[in-house]
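Student: Dropping the structure in here first, questions after.
The values are calculated or read from the model by the stated rules, or taken from the named source; none is laboratory data. What you are looking at is a predicted structure, and each value in this text was computed from that prediction instead of being measured. Counting neighbours? That spans all protein chains shown, and the Cβs are built from the backbone with ideal geometry, glycine included.
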Amino acid sequence: MKKSGWVIGAVLLLSACGSQETRMPVALGELVTPASAPWLQVDQTARNVQVRGLDDPLTLEPTPPVPEVVQSRLRRALQPAYFTDLVVQCGEVASEMRVDADATPASVTLELGLHCTINARGLISAQDYHAQPSMRVPADGNYAKALSALLATGSDEIAGRLRSDVQASLQR
């Protein structure tokens, strides 16, 4: 009797928790290109991407993970800026999507950020980099496609700023 009471209580408690979180796999392989820039590393701590602002919770599960995509895009963009004794180490990659359903038209924004340390011939500088690319919410609600587009845009924005900082480090 006591055991069935616990089971009924647990079922009632779980049913009161609300809607169930949806998980969606996201293929990002097309964003990763081979590049030979081993002097630029991004910490590969993989995390899923939460989509905020929806009625039901949505978690995107990117493959390859966001840090790997960011590393690939940064390497491709910064390879021409390389000079002897340059090392760039990035970490603390954060990514989250937000939907603004009240906007006209409704929009989705990727908040992408990371911290990079530049060691240019012994001169060390550190900087936080952030990008917030935005687009209309896809008509079909395909947030996987939106993540792919926004991650490419955001990574490229950060790469441009990081490249400027790398080039400025030569002037010191």
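Student: Considering L74, L147, which residue is touching a helix residue (DSSP H, G or I) at 6+ places or on another chain (Cβ under 7 Å), surrounded by 21 or more Cβ atoms within 10 Å (Cβ to Cβ) and at pLDDT 95 or above?
Tutor: Result: L74 is the single residue among L74, L147 that is touching a helix residue (DSSP H, G or I) at 6+ places or on another chain (Cβ under 7 Å), surrounded by 21 or more Cβ atoms within 10 Å (Cβ to Cβ) and at pLDDT 95 or above.
Student: Could you figure out which of (1) outside any strand (DSSP E or B); (2) modelled with pLDDT of 95 or more; (3) of a type outside the set (S, T, Y) isn't true of P105?
Tutor: (2)
Student: Here is a follow-up. When you look at L123, is it exposed (fewer than 14 other Cβ atoms within 10 Å of the Cβ) and in contact with a Ser or Thr (Cβ under 8 Å, 6 or more places away or on another chain), yes or no?
Tutor: yes
Student: May I ask you to list the residues in the stretch 116-149 that are among the hydrophobic types (A, V, I, L, M, F, W, C) and over 25 Å from P38 (Cα atoms)?
Tutor: Those that are among the hydrophobic types (A, V, I, L, M, F, W, C) and over 25 Å from P38 (Cα atoms): M135, V137, A139, A144, A146, L147, A149.
Student: Report whether or not R98 is among the charged types (D, E, K, R), surrounded by 16 or more Cβ atoms within 10 Å (Cβ to Cβ) and in contact with a Gly (Cβ under 8 Å, 6 or more places away or on another chain).
Tutor: Yes: the conditions hold for R98.
Student: Another question about this same structure. How many residues are within 21 Å of A103 (Cβ to Cβ) and either in contact with a Leu (Cβ under 6 Å, 6 or more places away or on another chain) or among the polar types (S, T, N, Q) (or both) if we restrict to the stretch 149-164?
Tutor: Qualifying residue count for the region: 3.
Student: Which is among the aliphatic types (A, V, I, L, M), closer than 20 Å to R52 by Cβ and in a strand (DSSP E or B), of L147, L112?
Tutor: Answer to the selection: L112.
Student: Go through (1) in a strand (DSSP E or B); (2) in contact with a helix residue (DSSP H, G or I) (Cβ under 7 Å, 6 or more places away or on another chain) for Q50 and report which single condition fails.
Tutor: Looking at each condition in turn, Q50 falls short on (2).
Student: For A126, only one of the following conditions fails: (1) free of Cβ contacts under 8 Å to residues at least 40 places away in the same chain; (2) assigned to a helix (DSSP H, G or I); (3) small (G, A, S). What is its number?
Tutor: (2)
Student: Only one of (1) exposed (fewer than 14 other Cβ atoms within 10 Å of the Cβ); (2) in contact (Cβ under 8 Å) with a residue 40 or more places away in the chain fails for D140. Which number is that?
Tutor: Every condition holds for D140 apart from (2).
Student: Filter the stretch 53-62 for residues that are modelled with pLDDT of 95 or more and either out of contact with any strand residue (DSSP E or B) (no Cβ under 6 Å at 6 or more places or on another chain) or of a type in the set (V, I, T) (or both) and give the result.
Tutor: T59
Student: Moving on to the next point. Which condition breaks for Q44 when tested against (1) in contact with a helix residue (DSSP H, G or I) (Cβ under 7 Å, 6 or more places away or on another chain); (2) part of a helix (DSSP H, G or I); (3) among the polar types (S, T, N, Q)?
Tutor: Exception for Q44: condition (2).
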